[in-house]
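Remarks on the structure that follows.
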Amino acid sequence: MYECVFFLKIRDAFEIIKEYFLLLQFELLYIEVLYTIKHKIGTTSGGHLPFIQDLYLYAREAFGVTPEDHARLLAKASEEKVSLSPGHSNFMTLV
């Protein structure tokens, strides 16, 4: 009986951990999208392209991110350093 309860608690803990890592991966992917818009797509020699805000809005709506989370993650994307990681050409590392 106690073993069954123990394994159920372990299973529940793994589900919580899995959800946390899925959220973390989601946020990392969104940060990478924002970084790409800001530093690769939206920048020209004369400054930022006029449609950059449209790209941010499109990304926010496509990912279903709240305006508050978008602002928080955009701030992270603005301070991120790019590092090359196997399998990802632009994978971000959180500082």
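Summary of values
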{"item": "Burial ordering of 33, 5, fewest other beta-carbon atoms within 10 Å first", "result": "5, 33"}
{"item": "Label-point separation in nm, residue 6 to residue 23, each point 7 Å along Cα→Cβ", "result": "2.9 nm"}
{"item": "Residue exposure sequence - 76, 9 - by fewest surrounding Cβ within 10 Å", "result": "9, 76"}
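Read-outs: derived from the displayed coordinates by stated rules, not from any lab. Keep in mind the model is a prediction, meaning the values are calculated, not measured. Positions of Cβ are backbone-derived with ideal geometry, glycine not excepted, and every protein chain shown enters the neighbour counts.
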